[in-house]
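Below is one structure, written out as structure tokens; the observations come after it.
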Amino acid sequence: MSRYDIIAKIPGDEALRLAAIERYKLSGIGREAAFDRIARLTASLFEVPVSLVSIVGSEMQCFRGACGLDVSGTPRDIAFCAFAILDSDVTVVPDAMEDPRFAHNPLVTGPPYLRFYAGAPLRVDNRAVGTLCIGDTKPRQFSLEDRKRLADLACTVVDLVELRVERFASKDHRHQLDNERELLKLTVENVSEGVGLFDADLRLMLWNEDFTRLLGYPAGAVRERATAAELVYPVAARGDLGPGDPSDIVAAMMASIQSSESRHLDIVRADGTTIEFRRRTLVDGRFIATVRDVTTERQIARLKDELVSTVSHELRTPLTAIAGSLGLITAGAAGEVAPKAARLATIALRNAERLTGLVNDLLDMDKLHSGRMNFTFAVEDIAQLLAEAVEQNEPFAQRHGVALN
């Protein structure tokens, strides 16, 4: 209960009235230039300091247009307009100090010190959503002709509201067209692949022939409005998505679609064909799925890996023999060796060991790619490692006149 005199009663169609405010996008705080112009024109015509285009919400009255006031709105329980929306005609308060509804209202006893008020209801969809109102700091009379002019101006405001909604609808339509253009662009960019477009309800909207062919669907199995779950199930049932219950696989994929913007996976069919599947979610909840045959690409990648592995193994065998022989020489197994020759043999041994390490690194990279890498951590003497690095590179440095310290 407000402490300010009498509160305006709630209209009987309050829910429908508030719905109309939302439907015509009038809720919230914020003035608009068109409504400001109407407010200034109204204030000028009636020679008053205050004119407002006021929307009466559930808790606040918000000024969408204003002249003479810099505030964005007031609480509904002190709003003159809360009374004006109850009347089908123009509401007039000649002297607020003489009206028991407003005598102690803070808008009367404090800034802007209103004494006179007149408000014409703004009716959209036959619901009074607010008013076009004027106010003065001194009492005054308001003739029938004045009431008619204010009511006519209120009708002009309603016309602006309706035109404004049409403008918003036009913007929404342009936004929809932009989405369609984005969709078309994505489709065109992927015409060399299989393409399927799904709506926000995960139902198939459009697709091309490669989409059906690459995923192995029989003729007639793919249809418009088919759900993503219906299309994933036969692929899972064939085992193309890995082992497991097809229903569980479908449920996991549906959860992934709902929770992530994109997904990439390889589908290996029973005939050995590898299909790359990619999904991208659009801004409005729809998603596009593309598929392409990457069997040859994957085979080339495997051949490269096998080549690296083979070369590594073929290099390691002779290097092991060379390192072993050099090790025997430096150990004196081949007889006494001159100091200079022994030093060179030692350097050669360490370089052979370094080459063996490089070959092992190639093998380790193969293990890393295949997920079979085991790591061993140990404390090393960094000074010793640096001394060995200098010694191993010293012959090369000497040939170029470089000293290593």
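The values are calculated or read from the model by the stated rules, or taken from the named source; none is laboratory data. Just so it is clear, the model here is predicted, and its values are computed rather than measured. As a convention, Cβ positions derive from the backbone with ideal geometry for all residues, glycine included, and neighbour counts pool all protein chains shown. Protein only, heavy atoms only, side chains kept; ligands, DNA and RNA dropped before computing areas. Shrake-Rupley method; radii C 1.70, N 1.55, O 1.52, S 1.80 Å.
How far is helix 14-23 tilted off the main Cα axis of the chain, in degrees rounded to 10, range 0 to 90?
Around 50 degrees separate the two axes.
Working out 0.36 nm times the residue gap between Ala219 and Ala34, then minus their Cα-Cα distance, what length gain in nm do you get to one decimal?
Result: 60.7 nm gained on full extension.
First check a/c for segment 185-281, with a ≥ b ≥ c the square roots of the eigenvalues of its C-alpha gyration tensor; if it is under 1.5, answer rounded, and if not, answer prolate when a/b is larger than b/c or oblate otherwise.
Rounded shape, in that the Cα axes give a/c under 1.5.
Against the longest alpha carbon principal axis of the chain, how many degrees, from 0 to 90 and to the nearest 10, is the axis of helix 246-259 turned?
60
Using a Förster distance of 22 Å, how high is the FRET efficiency between Leu86 and Ser27, based on the Cβ-Cβ distance and rounded to 0.05?
Plugging the Cβ-Cβ distance into 1/(1 + (r/R0)^6) gives 0.65.
Using the heavy atoms of the protein chains and a 1.4 angstrom probe, tell me the accessible area per residue for segment 240-356 in square angstrom.
Value for segment 240-356: 61 Å² per residue.
In whole percent, and with a 1.4 Å probe on the protein chains, what portion of the accessible area of the chain is carbon and sulfur?
The computed percentage sits at 56.
With a cut-off of 8 Å between alpha carbons and a minimum separation of six or more residues, what is the relative contact order of segment 15-145 in percent?
25
Please report how far the C-alpha centroid of segment 327-383 lies from that of segment 46-116, rounded to the nearest whole angstrom.
The two parts, judged by their Cα centres, are 92 Å apart.
Work out, step by step, the length gained on full extension between Glu145 and Asn126: first 0.36 nm times the residue separation, then minus their alpha carbon distance; give nm to one decimal.
Gain in length upon complete extension: 4.5 nm.
Would you mind working out the accessible area per residue for segment 90-157, using a 1.4 Å probe, and quoting it in Å²?
Roughly 44 Å² per residue, with all protein chains present.
For the chain, what relative contact order do you get, as a whole percent, if you take Cα pairs closer than 8 Å and at least 6 residues apart?
9
So how far apart, in nm, are the two label points at Val71 and Val390 if each is 7 Å from Cα heading toward Cβ?
Reported label-point gap for Val71 and Val390 is 8.3 nm.
Give me the count of lysine pairs in the chain whose alpha carbons sit under 22 angstrom apart, restricted to pairs 8 or more positions apart or on different chains.
Final tally of qualifying lysine pairs is 4.
Roughly speaking, what is the stretch gain from Val308 to Asn405, that is 0.36 nm per residue apart minus the C-alpha to C-alpha distance, in nm to one decimal?
Extending this stretch completely gives an extra 31.3 nm.
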